[in-house]
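The values are calculated or read from the model by the stated rules, or taken from the named source; none is laboratory data. The structure presented is a predicted model; accordingly, all values stated were derived computationally and were not measured. Positions of Cβ are backbone-derived with ideal geometry, glycine not excepted, and every protein chain shown enters the neighbour counts.
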Amino acid sequence: AAMREERVKRTKTVCTYCGVGCSFDVWTGGKGGDRHILKVEPGEGAANNISTCVKGKFGWDYVNSEDRLRKPLIRERSAEGDRFREASWDEALTLMAQRLTQIKAEHGPDAIGLISSSKCTNEESYLMQKLARAVVGTNNIDNCSRYCQSPATQGLFRTVGYGGDSGSISDIAQSGLVMIVGSNTAEAHPVLATRVKRAHKLHGQKLIVADLREHEMARRADIFFRPSPGTDIVWLSALSRWMFDNGHAKTEFLSQWVNGVEEYRKSLEPFTMEYAAKICKVPLETLEKIAHEVAATESMCILWAMGVTQHCGGSDTSTAISNLLLVTGNYMRPGTGAYPLRGHNNVQGASDFGSMPAYFPGYDKIADDEARERYEQGWGVKIPTAKGLDNHEMVDAIYEGRLKAMYLIGEDMLNADANANYVGGGFERLEFFVVQDIFFSETCRYADIVLPASPSLEKEGTFTSTERRFQRLYEVMEPLGESRPDWRIIQEVANRLGAKWNYSHPADVMHESAGLAPMFAGVTYDRLAGYKTLQWPVAVDGTDSPLLYTKEFHMQDGRAKLYPMEWIAPCETEGDEYDLHLNNGRLLEHFHEGNMTYRVPGIHAETPECFVEVSPELAKEQSLVTGQWVDLGSRYGQLRMQVLVTDRVSGKQLYLPLNSKEHPVNLLTGSYTDRATHTPAYKETPVKMTVLPLK
Ligand code: SF4
C-alpha cells in the first residue's frame, strides 16, 4: 500500500462543468503515468463536501483525448480549398500581432472584438479585458454570460444592486420554501439539487416548481405548474399584488429598506390572479394555493435559470422575482434570497472580472469617471469611455462592416449563440479571426489562426461559483503537447502588441486585481490555500460575505428598489405554419455543446443519441412512436431528429437537449433577444414538425 501511495499524486481542483463549484482531489499516476486519472475524491469542498455528480466524478478523460489541439494552426488559403497547417507559436503569434496591428491602424481599435471564456479562470478573464481596454484600446469585450445569465444580473442590478446570489447554498438548504422557476436543477446543478431534495424530504421544506417540463424536481414538488412560455412575469407579479391586497406584504421591511413602493404597486394594477390564470393558462386555485404557501412561510429562496432568462422579457422576469422577494421580506436573513443558478463553472467570475462591455472588474462602470481614472492610473493608459459591443452586437457589427477582427477564447460560439446560420455567415465575413481552445470546435472552422489552450487540470488560478465563492485550482498535470494555459497566451499576445506585462503566476494577476477592484480587496492566494474559500465582496482584512445583504443593499442610498412591471408578449409565438413550441436545455450527463463530455467515452456511451421529446398527446395525434425520425423546421433552419415520446412534456411542447454536436439546436433558434441585455430568446422558438415514414 505504501508503494501505491508513493506512485499516486493527489491535487486539489475545482469542477470544470457547472457553477455549483464542487471541489475535490484528483488522483493521478500509477502505472498509467502522470496523465492517468485514477480517481476523483470529494471530501472537503465548501459546496459539495462528499458529493459529486456524474460529470465531476467521471467527466475528465477529455483531457487526454486524441482530439486535443497540441500545436498552433494557421489557415492556408488555396483555390482547391483551405486547409490548416501546424505552425510554431512564434509564427502564429507574429502573424496575429501583425494582422491585429494592421486592422487597428486601418479601422481603429473598435474594429476588433474580444470574447473571454466562462471556462477560464478569473485571472484569465481579467487579462482578456485588460488586453481589450489597455492594449487594443476598445471596450468590445464580453463573455458567454450574454447567452445565459445577463438578464438575471440585470434584474438584481435594478432591485438590490449586486449581480450575484444573495446568500449561499446553505441558505437554500435551510429555507422554509424553495421556489424553482425555469431550472432543471436536478440535471443542470445536480449537487445543489441534492441539498434541496434532502431538505424537502427530511426537513419539511416546501418546494414549488414552475416549468414547461415535468423534470425530477417538478415530480418531487408540493406544487408543480406549467405557465405558458414567456408569461412568468405575470404570475410572479400577481403574487406580489395578492400579498399587498391580502395584508401579507411586509410593510415594516418595505418602509425601512425599499424605495419605489407606490409606483410599483400602481404598476401591479392589471396583475390580478384572474388575469394571471388567463394569460399563464394556470388554474386560479393553483395560483391561490401558491400565494397562501408564500404568505405562510417564514423564509423563501427563489432559484431560477435559463427557463426565465432566455426570453425577450428575461430581465423583466428576473426583476419580477426579486420584486416578489422584496414584497415578502425575503432578503437580508439566512434562508432567504435570490439565486440565479450560474451555468458554467466560472460564468460568475468571467463577468465579475470585467469581461463585459460596460463594466470593469467588480462591476465598476466604464462610464464612472472615478473608476476609469483608477484603472487608467493602475495600468498607465487611457481607457475609452464608450460602452463596447456585446457578443450579439459584435455579430451584427460584422455584417454592418464595423467589426473586422475577433479574438475568441474557450467558446464554441457557432454552436452556443442562437441562429447558427447567421453567426456562421458573420464569421465568414471577418477579415481576421483567432480562436483559442482545447479542441478544434465548429467555430475553429472559420478561424485564420487556432491557438491550443490548456484545460483546467493543466493550469492554476481561481474560479468563482454560483454562490460568489472563490476557490483555487492547482495544476494536476502539465500542459499537453505545446498547449499553454490561456493566461500565458494572453500575456504573450499583449506583449507582442506592445505591452510589457510580466506576470509570473496567476497569483500576480489576482494581486493586481485586488488592488484595483474594491469588491475583491481582501482576496489573496494565501487566504484561498487548499480548500479555503472566500465569498465576495471581500474586505481588505479578509472578511467575506456568505450573506450578501446584511447591513444594507448595494444601491446608492443603501435601500433596495421595487421596479415597476409591465408584461410584453413573447417576440415570436406559434402560428399556423410553425405551430409547436420548442424548448431546450441540458441533459445530466452532457455539458453544453458537448465538446468535453462527448470526448469522455464512458459518458458518451450512456447517451450517444440526441432526440426530441414529444408529448404522448402529440405523438398520438401524429401517429408517432419513439425512435421515429422527424424533420423540425423553424424560420431559421432545419434539423432531422429521432423522437422520444415522454410525458415530461405536454401538448404542443417539444424539448431538445442542447448538447448535441450532430443536432445543434441553434440551427433552429432565432435572433430575437432579451430587451435589456441581448441574451438570445432561445426558449421562444416556434417550429413545425414533418413526420418521416417508418423504415
Ligand atoms: Fe461539477 Fe456541477 Fe456536478 Fe458539482 S454538480 S460535480 S460542479 S457538474
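Among the residues of segment 419-429, some residue qualifies, meaning at least one is within 30 Å of Trp304 (Cβ to Cβ), in contact with a Gly (Cβ under 8 Å, 6 or more places away or on another chain) and buried (at least 21 other Cβ atoms within 10 Å of the Cβ). Only one entry of Gly633, Gly637 meets the criterion of being free of Cβ contacts under 8 Å to residues at least 60 places away in the same chain and over 30 Å from Gly163 (Cβ atoms), and that entry is Gly633.
Taking first residues from segment 12-32 that are free of Cβ contacts under 8 Å to residues at least 60 places away in the same chain and partners that are near the ligand (Cβ under 7 Å from one of its atoms) and among the β-branched types (Val, Ile, Thr), the Cβ contacts under 8 Å between residues at least 6 apart in sequence or on separate chains come to Phe24/Thr52.
Taken as a whole, the condition of being surrounded by fewer than 21 Cβ atoms within 10 Å (Cβ to Cβ), more than 21 Å from the chain's Cα centre (by Cα), touching a residue at least 12 places away in the same chain (Cβ under 8 Å) and under 30 Å from Asn48 (Cβ atoms) applies to Glu460. Please tell me if Thr16 is under 30 Å from Ala494 (Cβ atoms), among the β-branched types (Val, Ile, Thr) and within 11 Å of the ligand (Cβ to nearest atom). So Thr16 passes the test. Checked against the criteria, Gly354 does not count as part of a loop (DSSP other than H, G, I, E, B), touching a residue at least 12 places away in the same chain (Cβ under 8 Å), surrounded by fewer than 24 Cβ atoms within 10 Å (Cβ to Cβ) and in contact with a helix residue (DSSP H, G or I) (Cβ under 6 Å, 6 or more places away or on another chain). Among what's in segment 133-158 and is outside any helix (DSSP H, G or I) and of a type in the set (A, V, I, L, M, F, W, C), pick the residue that is modelled with the highest pLDDT. Per the stated criteria, the residue is Ile141. In summary, Tyr62 fulfils each of the numbered conditions (1) within 16 Å of the ligand (Cβ to nearest atom); (2) under 24 Å from Tyr531 (Cβ atoms); (3) not in a strand (DSSP E or B) with the single exception of condition (2). Across segment 186-210, the qualifying residues are those that are touching a Lys or Arg at 6+ places or on another chain (Cβ under 9 Å) and in a helix (DSSP H, G or I), and the one among them that is nearest to Pro340 (Cα to Cα) is Ala188.
Within segment 362-386, being surrounded by fewer than 16 Cβ atoms within 10 Å (Cβ to Cβ) and among the charged types (D, E, K, R) holds for Lys365, Asp368, Asp369, Glu370, Glu373, Glu376, Lys382.
Filtering segment 387-408 to residues that are more than 19 Å from Asn143 (Cβ to Cβ) and either surrounded by fewer than 13 Cβ atoms within 10 Å (Cβ to Cβ) or at pLDDT below 95 (or both) leaves Tyr399, Glu400, Gly401.
Residues that are of a type in the set (Phe, Trp, Tyr) and part of a helix (DSSP H, G or I) within segment 211-248 comprise Trp235, Trp242, Phe244, listed in sequence order. None of Gly167, Gly161 is assigned to a loop (DSSP other than H, G, I, E, B), on the phi > 0 side of the Ramachandran plot and more than 13 Å from the chain's Cα centre (by Cα) except Gly161. Put simply, of Leu403, Leu414 the only residue that is assigned to a loop (DSSP other than H, G, I, E, B) and either touching a Gly at 6+ places or on another chain (Cβ under 7 Å) or more than 27 Å from Gln348 (Cβ to Cβ) (or both) is Leu403. Scanning segment 66-115 for residues that are surrounded by 16 or more Cβ atoms within 10 Å (Cβ to Cβ) and assigned to a loop (DSSP other than H, G, I, E, B) gives Leu69, Lys71, Pro72, Ala87. Cβ-Cβ distances below 6 Å connect the following pairs, each with a first residue in segment 36-65 that is in contact (Cβ under 8 Å) with a residue 12 or more places away in the chain and within 14 Å of Ile169 (Cβ to Cβ), a second residue that is within 13 Å of the ligand (Cβ to nearest atom) and in a strand (DSSP E or B), and a separation of six or more residues or different chains: Gly45/Ser23; Asn48/Pro42. In the set (1) farther than 25 Å from Val509 by Cβ; (2) surrounded by fewer than 21 Cβ atoms within 10 Å (Cβ to Cβ), the condition left unmet by Cys444 is number (2).
Looking only at residues in segment 649-688 that are of a type in the set (A, V, I, L, M) and surrounded by fewer than 21 Cβ atoms within 10 Å (Cβ to Cβ), the one that is nearest to Asp417 (Cα to Cα) is Leu667.
Would you check if there is a residue in segment 650-673 being in a strand (DSSP E or B), without any contact (Cβ under 8 Å) to a residue 60 or more places away in the chain and within 24 Å of Lys281 (Cβ to Cβ)? Scanning segment 650-673 turns up no residue that is in a strand (DSSP E or B), without any contact (Cβ under 8 Å) to a residue 60 or more places away in the chain and within 24 Å of Lys281 (Cβ to Cβ). Taken together, the residues in segment 21-51 that are out of contact with any helix residue (DSSP H, G or I) (no Cβ under 7 Å at 6 or more places or on another chain), within 15 Å of the ligand (Cβ to nearest atom) and part of a loop (DSSP other than H, G, I, E, B) amount to 5.
Can you spot a residue in segment 464-474 that is touching a strand residue (DSSP E or B) at 6+ places or on another chain (Cβ under 7 Å), within 16 Å of the ligand (Cβ to nearest atom), of a type in the set (A, V, I, L, M) and at pLDDT 95 or above? Looking through segment 464-474, at least one residue is touching a strand residue (DSSP E or B) at 6+ places or on another chain (Cβ under 7 Å), within 16 Å of the ligand (Cβ to nearest atom), of a type in the set (A, V, I, L, M) and at pLDDT 95 or above. One residue alone among Arg7, Arg75, Arg70 is within 30 Å of the chain's Cα centre (by Cα) and more than 15 Å from the ligand (Cβ to nearest atom), and that residue is Arg70. Of all the residues in segment 134-164, those that are over 30 Å from Lys104 (Cβ atoms) and of a type outside the set (Gly, Ala, Ser) number 11.
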